Each structure stands twice: as structure tokens, then as C-alpha cells.
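To start, the structure under review is shown below, and the notes come after it.
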Amino acid sequence: MPYIKRTLEKCITEISKDYSCLLLVGPRQVGKTTMLEHLMEGTERKRVTLDDTDNRRLAKNDPELFLELHPAPVLIDEVQYAPELFSYIKIKVDNGAAPGSYWLTGSQAFQLMELAQESLAGRTAIIHMSALSQSELYGSGDTEPLSLEIGKLNKRKEGLAKCGPAEMYERIWNGGMPGHRSGRYKDRDVFYNSYIQTYINRDVTDMIAGVDKLLFADFIRSAACRVGQMLNVHDIATDVGVSDDTAKRWLQVLEKSEVVFFLRPYSNNLLKRTVKTPKMYFFDTGLVAYLTRYSSPEILMNGAINGSILENYAVAEIVKTWHNSAKECLLHYYRDKDTNEIDMVIETDGVLHPLEIKKSSNPARQTHEQIFLKNSPFVVANL
């Protein structure tokens, strides 16, 4: 199958010139290993995976010998299975390991980041990788973090293929997982079914001892029905038949493995009437469409979640523009107790950029400025 160029390639190459250790984290099957193997072509770097039980056993029981048998430069896949390696990689780095010596990948981002910060603080670059972006699928693959300057917006628009509503929902329905979008796995339903089963059997069972796998699958489906909405843990728990505390723990698992992410509400000391509840999104809209049983893009476009999944799609794409440049962005949403709401607020350099996401060819003029200027000392961008 043809390789799909990833925006992160340039960042990986440049960062590897400065750091001896690079940790690439992201959801399962978003193409971390494929991209790094592509960058390894023609170099001396070798790959070893801890999915292999023999490699994993050696890495856990004798990490020093493991690193001697797999010398730098090396790519170590699924490093979360052997956290014992981190202390020994630290020693190698402290003893003068060359830049780019260790490339590490893993699909349990929170756990890996904690391990890296404990053992390799200041010694490793941590980079997030997402599913394929629209630029990677339909554009040049070279994009910068989203900027709301008119000139940069026009330039970004020129670099992407235009599409109408039907094609937009086809993109949403198909999602951005490389295994499916590259054509390697042509049957979308089989692909996502396998993805869910693998995720539960490998990642979830590692994080939740004795979890009821069928119940957890129902839990993910219930969460998918609520994308783009303010999080209501009790409603999800009631749907599945678990306690609120269990639902909270399971949502933390979904977040830690980057199946879902949250937008926290924007507030400051002067905005006393803002709500405190986050909004939930999935990292891949194709997964949402599969879990919510929409059998075609046409049905999805006219279905009950057509607006919320469009919002999920837009928010996720904006997040990708930042992750693909190895940067973080301050993203929020706004809602107060009078139900005034803004879908997304991007904060950069003390400036608030309110964004509204609507399924409409002629959206009504919003009053974002009035909402903020009543109570906020920040400057609001005039869009």
C-alpha cells in the first residue's frame, strides 16, 4: 500500500538532532511505527518491538542486557510494556548518547509521559501523534498550527481540496485511521470492529484488572453517542448499568489511551457564572460513526448526531494542526449559566479567538464579543 506522508516527519527529523531520546505517543494504530520506519529507511537504526513476548521479558527482567543487544540508534515499539527500560536509557543519555539514539513509541500516552517525566525529565522530547489530518489526506501534508490571521487562513484554504456537504460527511464517516484510509484494510466495519476488540483486549485489560469486556464495549458506544456534548457521567453510567464512580474511572481510561479528549470550559476570576463541566470528543470520527451504527455517510449527514459529529470533526482537526507541529494549544469552550455558549475558544498570547461550528450554509451572526466583553479583561479577536 502507498505510504501517506505525515506532517510530523519534519519535526521528528529536526528534534532528533537535539535530543538523544524521543518519545512518540498517540492512540493505537495511528501510524507511529509506520512513520518512524519510513524515516529509518537507509539508516543504521533497527527496530525492536515489545509486543514480542521474548523481547518484553528480557526488557523487564534485564533492561541493561536488552539495550546492549539492541544498541543505538534504535526504535523501541510499545515501550509502555517495560517501564524498567527508562532508568537505563537515562544512564545512556547521561553518559553521552548521541542525538537521535533512542526513538520510543507507545499507545498509553499518560502512563508513558509520567514515566518519561520521572526518569527522563529534561532528557527526552515528547511528541503527540494523531490520526491522519485532512491536509495529509487531501492536501499537501505540510501545515502549520491553525492561525486565525486572514492571510494565513486564505493560504491554508488554497492548500486543501474543496468539498461539499456530502463529501464532508463521507470524510467524517471514513475517519482518519491509516490502516483503513491507505487501502490496506478496505472493509471499514471490519477494521473498526478489530480496532475496538484489540484496544479492549490489550490496553483496557492492562489498565483495568478483571474488566467486563462486553460491558466496556457498551460503555464506549454510549460515550460515542454523546460527542460534542457537555459530559454527563451519570447518563452514560445509567445507559450501561454501572455506577457513576465506575463510569468516571472508565472515562479516565479512554482519555489516558487518547480514545477521547476533553475541552475544558474557559473561565477567569471575573467569570463567576461559567459552567465547570468539560465537553467530550473522540480522536477519530470514523470510530464514532462506527460505534453509533451509521451505515453510510448519507444517513450520518441526516442523523441525530450530524451536528455534534461535525463539531467533533472540526475540533479534532484544529487539535491535529498543533500536534502535527509538535506544539500544544490552549483550547476551551464557553458556556455560562444563562446558556450563552461558544463552541471553541482558542487562546494565544492573551487573545481569545471565539469559533462557532455550524452545519449551515448561512449561519446566523453570533454575539461572541458581547458575551466576553461584559466580564473579561482579555481582548477578543474580531472575526
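Read-outs: derived from the displayed coordinates by stated rules, not from any lab. What you are looking at is a predicted structure, and each value in this text was computed from that prediction instead of being measured. When we count neighbours, we look across all protein chains shown, and the Cβ atoms used for this are built from the backbone with ideal geometry, even at glycine.
Given N residues in the stretch 1-151, what is its alpha carbon radius of gyration divided by 2.2 N^0.38 Å? Working shown, then result.
Details: Rg = 15.9 Å, N = 151, 2.2 N^0.38 = 14.8 Å.
Its radius of gyration relative to the 2.2 N^0.38 Å reference: 1.07.
Roughly how big is the chain's charge dipole about its Cα centre, with Cβ charges of +1 (Lys, Arg) and -1 (Asp, Glu), in debye to the nearest 20? Could you put the intermediate results ahead of the total?
Values: 46 positive and 50 negative charges, 149 e Å.
Here the chain has a charge dipole of around 720 debye.
Give the whole-number value, in cubic angstrom per residue, of the convex hull volume spanned by the C-alpha atoms of the chain.
On the way: hull volume 61.5 nm³, N = 383.
Given the Cα convex hull of the chain, per-residue volume reads 161 Å³.
Reachable lysines from Lys213, Cα under 18 Å, same-chain residues fewer than 8 places away excluded?
Partners within reach: Lys248, Lys256.
Once the dipole of the stretch 17-158 is set up with Lys and Arg at +1 and Asp and Glu at -1 on Cβ about the Cα centre, which of Ala131, Thr33, Thr43 lies farthest towards its positive end?
Ala131
For the chain, what does the helix formula give at 222 nm: sum of -39500 (n - 2.57) over DSSP H segments with n ≥ 4, over the residue count, nearest 500 deg cm²/dmol?
On the way: 18 runs with 162 residues, N = 383.
Computed mean residue ellipticity for the chain: -12000 deg cm²/dmol.
Most mobile of Leu287, Leu148, Leu85 per a Gaussian network model of the chain (Cα springs, under 10 Å)?
Of Leu287, Leu148, Leu85, the most mobile in the Gaussian network model is Leu148.
Mind scanning Lys92/Lys320; Lys32/Lys276; Lys5/Lys152 and naming the pairs with a C-alpha gap bigger than 28 Å? If you can, show how the numbers build up before the last one.
Numbers: Lys92/Lys320 32 Å; Lys32/Lys276 34 Å; Lys5/Lys152 22 Å.
Long pairs (Cα-Cα over 28 Å): Lys92/Lys320; Lys32/Lys276.
Of Tyr192, Cys163, Thr285, whose Cα points farthest to the positive end of the dipole of the chain (charges on the beta-carbon: +1 Lys, Arg; -1 Asp, Glu; origin at the Cα centre)?
Value computed over the given set: Cys163.
I need the peptides 119-128, 42-51 ranked by packing, meaning the mean over residues of other C-beta atoms within 10 angstrom, with the highest value on top.
Details: 119-128: 17.6, 42-51: 13.6.
Sorting 119-128, 42-51 by mean packing, highest first, produces 119-128, 42-51.
Mind grabbing the base-10 log of I(q)/I(0) for the stretch 133-255 at q = 0.21 Å⁻¹? Debye formula, identical points on the C-alpha positions, no solvent, two decimal places.
With no solvent term, the Cα-only Debye profile gives -1.16.
Could you check which residue among Asp235, Asp189, Asp349 shows the biggest mean-square fluctuation in a GNM of the chain with a 10 Å Cα cutoff?
Of Asp235, Asp189, Asp349, the Gaussian network model singles out Asp349 as fluctuating most.
May I ask which residue of Asn95, Asn154, Ala121 lies farthest towards the positive end of the charge dipole of the stretch 48-158, with charges of +1 (Lys, Arg) and -1 (Asp, Glu) on Cβ and the Cα centre as origin?
Asn154
Among Ile342, Ile357, Ile299, which one shows the biggest mean-square fluctuation in a GNM of the chain, springs joining Cα atoms closer than 10 Å?
Ile299
Given the peptides 15-26, 176-187, arrange them by the average over their residues of other C-beta atoms within 10 Å, most packed first.
15-26, 176-187
List the aspartates and glutamates whose alpha-carbon lies under 20 Å from that of Lys157, not counting same-chain residues fewer than 8 positions away?
Straight-line reach from Lys157, under 20 Å: Glu136, Asp142, Glu144, Glu149, Glu167, Glu170, Glu311, Glu317, Glu356.
Show me 288-298, 27-37, 196-206 ranked by packing, highest mean number of other Cβ atoms within 10 Å first.
Details: 288-298: 18.6, 27-37: 21.5, 196-206: 16.2.
Going from most to least packed, we get 27-37, 288-298, 196-206.
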